[in-house]
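Undergrad: Below is a structure I'd like to ask you about.
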Amino acid sequence: MKDHANIVAARPVSWSVQSWQRFWAAPDPEVARARVPTIVTPDVVGYWPFATKTASGTIGYRDRILALLALVPVLWRIAAIVHEADLDDQRYDAPEAPGLDMTLRVLSMTCGDDDILHITGPVFDGIYEYCKRAILLGREPA
């Protein structure tokens, strides 16, 4: 088994945290098809949570991103909420964003990283369920 903590991957020139942030702020399958091959190297091996196989190579990684976008449209809504919580630029209608922003800020003031990850897992699971139900119902869940 490889020690992933000691692997240093060369990033393509077009890769940046900001580029992924922009993508997930408004995820689009066509953008993914065009962009992933420019930022993911052919030798990449992606380890995805709960997946039985790795996402190998540019095409494998791109296909995994496309499958995620196609199967879980509620993530687009969550991306908008997180975008607004982070940037507050009114690009999206996300009235939930200020509450999420405050929640995460106060946690960062009172908890360590491990505790924040432990706490926010169920928070984001709940946000996912809320958004999924809202999409299915066509309105906010009761």
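Rule-based calculations on the coordinates, nothing more; no lab input. Keep in mind it's a predicted model, so treat the numbers as computed, not measured. All Cβ positions, glycine included, derive from the backbone under ideal geometry; neighbour counts span all protein chains shown.
Undergrad: When only Cα pairs under 8 Å and 6 or more residues apart are kept, what is the percent relative contact order across the chain?
TA: 17 percent
Undergrad: Tabulate in residue order the Karplus-calculated ³J(HN,Hα) for segment 28-36, using 6.51 cos²θ - 1.76 cosθ + 1.60 with θ = phi - 60°, rounded to whole Hz; enter x for Gly and Pro.
TA: Going residue by residue, I get 9, x, 5, 5, 4, 4, 7, 7, 3 Hz, with x marking Gly and Pro.
Undergrad: With n ≥ 4 as the cut-off for DSSP H runs, can you work out [θ] at 222 nm for the chain, using -39500 (n - 2.57) per run divided by the number of residues, rounded to the nearest 500?
TA: -20000 deg cm²/dmol
Undergrad: On to the next question. Run the simple label-point estimate for Tyr128 and Leu68 please: 7 Å along Cα→C-beta, distance reported in nm.
TA: 1.2 nm
Undergrad: Test of understanding: what is the full-extension gain from Thr38 to Asp86, defined as 0.36 nm times their sequence separation minus their Cα-Cα distance? Don't jump to the answer; show the numbers that get you there.
TA: On the way: separation 48, 0.36 × 48 = 17.28 nm, distance 2.61 nm.
Length gained between Thr38 and Asp86: 14.7 nm.
Undergrad: A follow-up question, please. Hey, what do the phi angles of segment 137-142 turn into as Karplus ³J(HN,Hα) couplings, whole Hz, using 6.51/-1.76/1.60 and θ = phi - 60°, x for Gly and Pro?
TA: Running phi through 6.51 cos²θ - 1.76 cosθ + 1.60 with θ = phi - 60° gives 7, x, 7, 5, x, 6 Hz.
Undergrad: Given H placed 1.01 Å from N in the peptide plane, which residues other than close sequence neighbours of Val44 have an amide H under 5 Å from its amide H?
TA: Under 5 Å from the amide H of Val44: Gly57, Thr58.
Undergrad: While we're looking at this one, here's another question. Just in segment 34-107: which trypsin sites (Lys or Arg not before Pro) are loop by DSSP and have at most 14 other Cβ atoms within 10 Å?
TA: Numbers: sites: Arg35, Lys53, Arg62, Arg64, Arg77, Arg91, Arg105; in loops: Lys53, Arg91.
Passing sites in segment 34-107 are Lys53, Arg91.
Undergrad: So which chymotrypsin sites (Phe, Trp or Tyr not before Pro) in segment 45-76 end up in coil per DSSP with only 12 or fewer other C-beta atoms within 10 Å? Can you show the working numbers first?
TA: Working: sites: Tyr47, Phe50, Tyr61, Trp76; in loops: Tyr47, Phe50.
Answer in residue order: Tyr47, Phe50.
Undergrad: Continuing with this model, one more query. Dipole magnitude of segment 74-137 about its Cα centre, charges +1 at Lys/Arg Cβ and -1 at Asp/Glu Cβ only, in debye to the nearest 20?
TA: On the way: 5 positive and 12 negative charges, 59 e Å.
In debye, rounded to 20, segment 74-137 gives about 280.
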